1. Among ILE731, THR128, TYR486, flag the residue with its Cα farthest along the positive direction of the charge dipole of the chain, charges on Cβ as +1 for Lys/Arg and -1 for Asp/Glu.
2. Test of the criteria: in region 68-163, which GluC sites (Glu not before Pro) are in a DSSP loop and have at most 13 other Cβ atoms within 10 angstrom of their Cβ?
3. Kirkwood Rh, the chain, all Cα pairs: how many Å?
4. Near LYS442, which lysines are there with a Cα under 18 Å away, not counting those fewer than 8 places off in the same chain?
5. Would you mind putting 288-295, 632-639, 106-113, 501-508 in packing order, based on average other-beta-carbon counts within 10 Å, highest first?
6. Helix-derived [θ] at 222 nm for the chain: sum -39500 (n - 2.57) over DSSP H runs of at least 4, divide by residue count, nearest 500?
7. List residues of region 129-147, by number, whose backbone nitrogen lies under 15 Å from a label position 7 Å along Cα→C-beta of ASP63.
8. How large is Rg over Rh for region 596-713, taking Rg from the Cα atoms and Rh as the Kirkwood inverse mean of 1/r across Cα pairs?
Amino acid sequence: MNRHIVQSSASIDGDIIGRPLDRIDGVLKVRGLATYGYEHRAASRPAYGFILGATIGRGRLADIDTLAAERTPGVLLVLTHRNAPEQAVFGEPTTPEVPQVFTRARPVLASDAIRFHDEPVALVVAETFEEARYAANLITCRYEQAKGTFDFEAGLADAYRPARANAGLATDSIIGDVDAAMNAAPVTLDQTYETAFASHNPLEPHAAMAAWDGDTLTVHTATQTLANIRAGLAATLRLPLDKVRIVSPFIGGGFGSKLIVHAETVLAALAARKLGRPVKVALTRQQMFANAGHRPAIQHRMRLAATRDGRLTAFSHDVIETTARCEEFAEQTAATGRSLYAAPNRRTTHRLVRLDTNRGEWMRAPGEAPGLFAIECAMDELAEALGLDPIELRIRNEPERDPERNVPFSTRNLIACMREGAGRFGWDERPRQPGSRREGRKLIGYGMAAATRANYLGPTTVRVTIDAQGQIIVQTDMTDIGTGTYTILAQVAAERLGVSLASVRVELGDSTLPRSAGSGGSWGATSTCTATHHACLALREKILAAAREHERSPLHGANIAEARFARAALSIGSQSHPLREIIAAVAPEGISAEGNAARGETYQSFSQHSHGAHFAEVSVDLDTGEPRLRRMLGVFAAGRILNPKTARSQMIGGMIWGVGAALTEETVLDPRHGHFVNHDLGDYHLPAHADTPDVDAVFLDEHDDKANPLGAKGVGELGNCGANAAIANAIYNATGVRVRSLPITLDKLLPGLPIA
Ligand code: MOS
């Protein structure tokens, strides 16, 4: 196991689930004792790799001269496609079945083909990182350049329909006749919206340290899902699964970029095997922009038709998005609208434009985050055309059942979130006329938008053990990507077993532990807590049986049906004995039990989503057009909240990402060379504290008994759903200028502002 002991020192008993507790891994992190993948101290001295990337966007590596690099002091190995060990073949570039996409072989340096700009062409391994980087710069490449396609706009006419969208969803869903409804309706909207390429940029870049012991590979890395990385790496290297161990106890953010195996991990493994010593490889921040996925650029055509009193007769969202020639990714952007509003005529479609870039990947709320920008801006525009309050328009189109699946919602408090938020935010005080409120040289506006996110559960097993000291150990290969997994698992186990929080140790992030669904799709907390809940119930049964049946047990022969686990003791009738005393007597080696989570029947018979509402107040400078967020409130309903402190942090993080998407974030693709131009944090602008002055998130009380036994739903992505639209709508309210293209930078606003 790893050497980290993640355990709270706080003696907290009783009802622990739902309390706003500090992270139990917090002290390790604050003290720098939580080591991340690249920091792992290997048994023997590691070597350091540096990746050299291609400087063309498409073509062939005709020649590569590595001689100077090889002669550089400290250099141990230069890997290119010429000497890289054989790997499995990369599959066909179509959207595969859902599990396959996460685990397919992804060979690196496998041929002379260049498929995208900055694709690895060499790995230099040296005694130090600096020597490797220096030597990499001495390599010269001769390319045969092929004509690449890097212009989304130019490719729109050639958009194609993929076999399916991400998560296995149908590309098209068509009900009734949208065209006829548009022709017949008194009020319609037909507008095109754009969302930009975006890059994940977790604080911890992608990194791996690979070490071989005979034919067994251990990789310390940064991943959201150990099982995927393990399977993907094993497939790439053609190893049996049991020869690959992945360790990832702490992860500095992922946001969807750490769901599959990437070049640094494969290259570290190849080099470590060749050299017979541990090798560390990390992507630089710049390399991450082309080698760790991105959110595709998307064009959204929204069509809405409504009666005069604001009832939708048609809802249509046609999406065209970028994909990569080397591997398809079809974000399920338009699927967002399939369960959001009532309308008899409905249409949602996905089409793709192939570019010669790296593959798009899942990015925090894939689907909803860009999808809701288009939907919720369109609803805002329709509300104005109808002369209705934007919230009232949503109330009038609230569906009683899922409008496409015709099943009930498990819970749906979308409108309740809007009403609560309107009251708290002071929505009544918003400017009724766009562009009508001024404070000096600033225009002030309010905007709101709905939030919705599909709720998932993934197959997960958790093992819970009690030892003879009464110590509880929770084990699964689940990750904590900064979200609070360690803490909520300790909360669930402590409450279910009736022990103090301080008695629970949580061990995550090792593929030798029972397999979980990992962190992704907002399913992490619900899947692992559900499995922990079941494991604890199973453990209680085992403890109870042993306590009654074992001759040395102080409760031997106690046959009253009623047993209680509380205060670290087991009570049967009037007798009560500490758990440690019982375990020491009946099973000094400890007792373990496993619990599972899996999607049940309620996933078919109910439509499961979390919901929310965002409210934003912005100012726009009349002279410069600079938009600034002033304050933002999110109200969310996501089932039972397991830990309001860590959950609130996630919501606020998601909302701030929405601020970035709305105002600053865009990865700019050079249409001539296929190069992501602004590939660093100096030019790719993330919101900083000064950009997010007053952001708050609150939860409504909710309990979703269809989701899982805890009544909880995922929160990781919900905060990022619709936040961008609330800000865009506020900017319109401030200025009267409707910008339908993200990010809303001042150059897009300025031409429309009054000169006054
Ligand atoms: Mo998420 S985009 O599945 O980490």
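Coordinate-derived values only; no laboratory data. Predicted, not measured: the structure shown is a model, and the values here were computed from it. Note that we place each Cβ from the backbone using ideal geometry, even for glycine, and neighbour counts take in every protein chain shown.
1. Among ILE731, THR128, TYR486, the one farthest towards the positive end of the dipole of the chain is TYR486.
2. Passing sites in region 68-163 are GLU86, GLU97.
3. The answer is 27.3 Å.
4. LYS748
5. The densest-packed peptide leads the list: 632-639, 288-295, 501-508, 106-113.
6. -7500 deg cm²/dmol
7. 139-145
8. Using Cα coordinates only, the ratio equals 1.11.
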